[in-house]
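The values are calculated or read from the model by the stated rules, or taken from the named source; none is laboratory data. The model shown is predicted, which means the values in this text are computed figures rather than measured ones. Cβ atoms come from the backbone with ideal geometry, glycine included; neighbour counts cover every protein chain shown. With ligands, DNA and RNA removed, areas are computed over all heavy atoms of the protein, side chains included. Shrake-Rupley method; radii C 1.70, N 1.55, O 1.52, S 1.80 Å.
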Amino acid sequence: MGERDIRIDYEHAEEPADLGLVYSMRSTTRDHPGGLVLDSTDVTLQRLRLRFLHGFGVVAQTSRDVTVEGCEFQAPAQSGRHSAGFADFVQFSGCSGRAVVRDCLFDGPHDDAINVHGSYLRVTGQPDLRTLELQYPHAETAGFPQFSLGEQIELIDRATLRAVASATVHDVRQPSGRAHDQPLRTIVVTVDADLPGGLAGWTAVENVTRTPSVLIARNIFRNVPTRGVLVTTRRAVLIEENRFERTGMAGIYVSCDADEWWESGPVHDLTIRGNEFIEPGGPAIFLDPRNTRCDGEHPVHHGVVVAENRFVLDGVPALDASSTHGIRFRNNTIVRRGPEGPDFVLRSCSDVGIDISPSSDMVGPPAPVRWEDAEPV
């Protein structure tokens, strides 16, 4: 409306209650990263002060053994800025080996602080039983190579996220990531053995060779409007001794999605240990695979241990899980503030062990567990 006046139209009739809040704005197009680790091996970012990432943050893409250690992601004091990045602070995409983030401060991203994932490609055609035509389905993802010869791929049912076939890459036509000599949105991959027919449309492909093990340790997450950590990888994940301070949504979010963001894949070995969750805005730990069809007998995630953490909760659960097998929740401390609610919400889960005995050191009587088509042990 003028040099210093902005008009905001709310989508509801309630009187706004946001006096004193800070609104931070950016361009919605994320067309470049603030920092890029590309096709590299044995990379360490150590003791850096990252004051403003003028793009997607630091992206490690198709790289191996990448460590971010002792770094500070925070806007400078007295700068007038409250955010140090346009989107995620650190993202590992299609990486392998080990992804390590430890002893860092994450203060004020515009999106998630850490995101570790692969990329599902939609199967759009199948010229023969050994050839797949693939497409980058998300509008903001394209142009980089996904496969090398000899790597393993897995095909999943997009609706259930269940694996339906696997194979080894024999040949591939794909973008180079550095030129326009190939189409940027499509890939044609040939595998070493016959696949089932009729895969186009309802399946997606993940490169399971490019999936890292993960260590996230002794970090502080502060002024995060969304989630502290997103992680979807089938290799071993350890998240320990971190402090999540009032994240706007979940402290730790485990998805797997072949419909919206297309970030792959399932977790098979996840340990969340010795962390502190202070009044998260959503479930402290959210296991939320985006399978649109779930029968409860074919879980997406497996092997999740939540132990020796401290939860300070204000009306949200410590754990909200869907389609997960083998959850173990033990020796945790839960402190409740504000409105009451269940400490655990479980949907279509199986082999669930929740220790709410006095040895778990809960503060106050146990809140109820909401079981929704879940099977305790």
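Observations, loosely collected:
- Accessible surface area normalised per residue over the chain is 46 Å², counting heavy atoms of protein chains with a 1.4 Å rolling probe.
- Considering only Cys256, Cys349, Cys294, the mean-square fluctuation computed in a Gaussian network model of the chain, springs between alpha carbons under 10 angstrom, is largest for Cys294.
- Pair Asp314, Ala142: separation of 7 Å Cα→Cβ label points (nm): 4.3
- Within the chain, antiparallel bridges make up roughly 25 percent of the DSSP beta bridges whose residues both belong there.
- Between the alpha-carbon centres of the range 216-243 and the range 114-146 there is a gap of 26 Å.
- Summed residue charge, Cβ within 15 Å of Leu129's Cβ, Lys/Arg positive, Asp/Glu negative: -4
- Along each principal axis, taking the top coordinate minus the bottom one, the Cα set of the range 1-93 gives 52, 28, 25 Å in descending order.
- Rounded to 0.05, the FRET efficiency of the Arg47 and Glu297 pair, given R0 = 45 Å and the Cβ-Cβ distance, is 0.40.
- Percent carbon-and-sulfur accessible area, the chain, ignoring ligands, DNA and RNA, probe 1.4 Å: 48
- Environment charge at Tyr120 (Cβ cut-off 13 Å; Lys +1, Arg +1, Asp -1, Glu -1): -3
- Among Val224, Val300, Val352, residue whose mean-square fluctuation peaks in a GNM of the chain (springs only between Cα atoms under 10 Å): Val352
- Under the combined filter of DSSP loop state and at most 15 neighbouring Cβ atoms within 10 Å, the range 237-305 retains these trypsin sites (Lys or Arg not before Pro): Arg293.
- The label-point distance for Glu15 and Arg178, in a model that sets each label 7 Å from Cα toward Cβ, rounds to 6.2 nm.
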